[in-house]
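See structure below.
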Amino acid sequence: MPNQPEANNWPRWFDPRSRSLGTFGFILNRVTALGLTLYLLMHLVALGQLAKGADAYDGFIALVKNPLFKLGELLVIAAGVIHGLNGIRIALNSFGIGVRRQRSTFIALMAVSVLVIAFFAYKMFSEG
């Protein structure tokens, strides 16, 4: 029965072999978008809690000073930087700009992302 789809096709989606760098860029953009959306929802819930008064605000400030919370903030910054720069690359390619240099553009923008994230990490964790 050649027209029937195989039941085991879905695991191939998770197989990184024989994937192009563009595919990884596409997946990275989608994953960071989902992460940023989840962060936005959590942010709105946290802001709703702050409307409960001064005690809630003081508790929130104590939570924000936790190093684990700072790590979470760094992940949000990383997702925003990666999503933004990768999105610029995708938008330019959509207009036919840099299509032949997608690989080098992706690598260069991800290198810039690493530098920007490292800068933010230094600033966040070196200052009290």
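The values are calculated or read from the model by the stated rules, or taken from the named source; none is laboratory data. Computed from a prediction, not measured in an experiment: that's the story for all the values here. Backbone-built Cβ (ideal geometry, glycine too); neighbour counts: all protein chains shown.
Figures for the structure shown
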item: Residues within region 12-32 that are farther than 18 Å from THR105 by Cα, surrounded by fewer than 14 Cβ atoms within 10 Å (Cβ to Cβ) and touching a helix residue (DSSP H, G or I) at 6+ places or on another chain (Cβ under 9 Å), tallied; result: 2
item: Enumeration of residues in region 87-111 that are assigned to a helix (DSSP H, G or I) and more than 14 Å from PHE24 (Cα to Cα); result: ILE88, ALA91, LEU92, ASN93, SER94, VAL99, ARG100, ARG101, ALA108, ALA111
item: Region 93-124, subset hydroxyl-bearing (Ser, Thr, Tyr) and surrounded by 11 or more Cβ atoms within 10 Å (Cβ to Cβ), residue nearest to ILE77 (Cα to Cα); result: SER113
item: Complete set of residues in region 65-92 that are surrounded by 11 or more Cβ atoms within 10 Å (Cβ to Cβ) and more than 30 Å from LEU21 (Cβ to Cβ); result: PHE69, LYS70
item: Complete set of residues in region 64-89 that are among the β-branched types (Val, Ile, Thr) and at pLDDT below 90; result: VAL64
item: Among (1) surrounded by fewer than 12 Cβ atoms within 10 Å (Cβ to Cβ); (2) of a type in the set (A, V, I, L, M); (3) touching a residue at least 24 places away in the same chain (Cβ under 8 Å) - the single one LEU36 does not satisfy; result: (1)
item: Qualifying residue in region 42-58 (condition: of a type outside the set (A, V, I, L, M), surrounded by 12 or more Cβ atoms within 10 Å (Cβ to Cβ) and closer than 23 Å to ALA118 by Cα); result: no
